[in-house]
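Beneath this line is the structure, given in structure tokens, with notes to follow.
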Amino acid sequence: MGARILVVEDEEALTTLLRYNLEADGYDVETAARGDDADTRMKERLPDLVVLDWMLPGLSGIELCRRLRARPDTKQLPIIMLTARGEESERVRGLATGADDYIVKPFSVPELLARVKGLLRRAAPERLATVLSYGDLELDRDKRRVARSGRPIDLGPTEYRLLEFFLEHPGRVFSREQLLDGVWGRDIYIDERTVDVHIGRLRKLLNPGREQDPIRTVRGAGYALDDRFAKVEGSPS
Ligand code: CA
């Protein structure tokens, strides 16, 4: 599953070129030709990164960027701004508005791909990793395999997703509600006690001998991966 990229650009030829090359690099690509359409789209579903043209019909790239930075859920969203040569003096304004990076047209496609990759890696290093590990735990996303100390562990789909979610955010404590949002998704109503049930199952499967529980219960707060456990096993920091 590749990162999702929204390309907001009104030059059709450029949109086609970007879509073709980004898809060839394994990304899921969506496109919008108007700033206001992109704004609406992102209120429904957020991409992992936005390639945003400066001059757009409906709503300018600069205004859209400003709006995205003002919303809590898109405050950190990686944005690469495209500007035409001659607008270059304006690029300071572009960055001041909150774009993470900018590229001046005409640009080389490999250059843009490199910037996209770099920005995604900076924004969410764990999200792109194929193998997530913590202590002696290892989760391979390509093979959908989990192992502890090299010993394979069979997890059900929900337990798998729970563990993946924890491994994507090592050290963070999640409330039941946050786990429901992150693992089950916001749109489904599920009782918070369901989280406890699946955490219990995950614990049992990961730790059959009960010698070392990789999941920590944080009283009154929720659950987290146990950082003591990671240190004991000497995981790479
Ligand atoms: Ca344009």
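When only residues in the range 1-23 that are within 16 Å of the ligand (Cβ to nearest atom), in a loop (DSSP other than H, G, I, E, B) and out of contact with any helix residue (DSSP H, G or I) (no Cβ under 7 Å at 6 or more places or on another chain) count, which is least open to solvent (accessible area, probe 1.4 Å)?
Per the stated criteria, the residue is ASP10.
Open to solvent by 80 Å² or more (accessible area, probe 1.4 Å) and modelled with pLDDT of 90 or more: is that true of ARG193 in this structure? Lay out the reasoning, then the answer.
On the way: open to solvent by 80 Å² or more (accessible area, probe 1.4 Å): yes; modelled with pLDDT of 90 or more: no.
No.
Find all pairs meeting these conditions: Cβ atoms under 9 angstrom apart; at least six residues apart or on different chains; first residue within the range 1-16 and closer than 10 Å to VAL29 by Cβ; second residue within 16 Å of the ligand (Cβ to nearest atom) and part of a loop (DSSP other than H, G, I, E, B).
THR15/GLU9; THR15/ALA33
Which residues, taken from the range 24-36, are open to solvent by 70 Å² or more (accessible area, probe 1.4 Å) and under 17 Å from LYS117 (Cβ atoms)? Working first, answer last.
Initial filter on the range 24-36 (open to solvent by 70 Å² or more (accessible area, probe 1.4 Å)): 24-25, 28, 34.
Correct list: ALA24, ASP25, ASP28.
When the range 111-166 is examined, which residues are found to be under 20 Å from the mean Cα position of the chain (by Cα), under 15 Å from ILE215 (Cα atoms) and among the basic types (Lys, Arg)?
Passing the criteria: only ARG161.
Output the residue which, of all residues in the range 217-228 that are exposed (fewer than 15 other Cβ atoms within 10 Å of the Cβ) and in contact (Cβ under 8 Å) with a residue 24 or more places away in the chain, is nearest to PRO170 (Cα to Cα).
If we take residues in the range 217-228 being exposed (fewer than 15 other Cβ atoms within 10 Å of the Cβ) and in contact (Cβ under 8 Å) with a residue 24 or more places away in the chain, then ASP227 is nearest to PRO170 (Cα to Cα).
If LEU68 passes every condition in (1) touching a Lys or Arg at 6+ places or on another chain (Cβ under 9 Å); (2) more than 16 Å from the ligand (Cβ to nearest atom); (3) not in a helix (DSSP H, G or I) but one, which one does it miss?
So LEU68 meets the others, but not (3).
With the condition kept exactly as written, say whether any residue in the range 152-160 is farther than 14 Å from LEU205 by Cβ, of a type in the set (Asp, Glu) and free of Cβ contacts under 8 Å to residues at least 60 places away in the same chain. Even if it seems obvious, please write down each step before you answer.
Of the residues in the range 152-160, the ones farther than 14 Å from LEU205 by Cβ are none.
Looking for residues that are farther than 14 Å from LEU205 by Cβ, of a type in the set (Asp, Glu) and free of Cβ contacts under 8 Å to residues at least 60 places away in the same chain, one finds none in the range 152-160, hence no.
For the range 40-65, give me each residue that is within 16 Å of the ligand (Cβ to nearest atom) and open to solvent by less than 10 Å² (accessible area, probe 1.4 Å). Steps first, answer last, please.
If we filter the range 40-65 for residues that are within 16 Å of the ligand (Cβ to nearest atom), which is where we start, we get 50-65.
VAL50, VAL51, LEU52, ASP53, GLY61, LEU64, CYS65, listed by residue number.
Please count how many residues of the range 196-216 are open to solvent by less than 30 Å² (accessible area, probe 1.4 Å) and either closer than 20 Å to SER133 by Cα or among the hydrophobic types (A, V, I, L, M, F, W, C) (or both).
Taking the range 196-216 as the starting set, the residues that turn out to be open to solvent by less than 30 Å² (accessible area, probe 1.4 Å) are 198-199, 202, 206-207, 214-215.
Now drop any that are not either closer than 20 Å to SER133 by Cα or among the hydrophobic types (A, V, I, L, M, F, W, C) (or both), which leaves 199, 202, 206-207, 214-215.
Number of matching residues: 6.
Quick one: in the range 161-190, of everything that is touching a Gly at 6+ places or on another chain (Cβ under 6 Å) and either part of a loop (DSSP other than H, G, I, E, B) or at pLDDT below 85 (or both), which residue is most open to solvent (accessible area, probe 1.4 Å)?
Restricting to residues being touching a Gly at 6+ places or on another chain (Cβ under 6 Å) and either part of a loop (DSSP other than H, G, I, E, B) or at pLDDT below 85 (or both), the top hit is VAL173.
Please verify whether THR83 is crowded, with 17+ Cβ neighbours inside 10 Å, among the hydroxyl-bearing types (Ser, Thr, Tyr) and more than 15 Å from the ligand (Cβ to nearest atom), treating the condition exactly as stated. If you could, list the steps in order and put the result at the bottom.
Working: crowded, with 17+ Cβ neighbours inside 10 Å: yes; among the hydroxyl-bearing types (Ser, Thr, Tyr): yes; more than 15 Å from the ligand (Cβ to nearest atom): no.
When the stated conditions are applied, THR83 does not pass them.
GLY135 - would you say it is modelled with pLDDT under 90, open to solvent by less than 50 Å² (accessible area, probe 1.4 Å) and over 20 Å from ASP226 (Cβ atoms)? Walk me through how you get there before you give the answer.
Numbers: modelled with pLDDT under 90: yes; open to solvent by less than 50 Å² (accessible area, probe 1.4 Å): yes; over 20 Å from ASP226 (Cβ atoms): no.
Here the answer is no, as GLY135 does not meet what is asked.
The values are calculated or read from the model by the stated rules, or taken from the named source; none is laboratory data. In this text, all values refer to a predicted model and were calculated from it rather than measured experimentally. Every residue, glycine as well, gets a Cβ built from its backbone with ideal geometry; the counts of neighbours run over all protein chains shown. Side chains included, ligands, DNA and RNA excluded: accessible areas come from the protein's heavy atoms. Shrake-Rupley method; radii C 1.70, N 1.55, O 1.52, S 1.80 Å.
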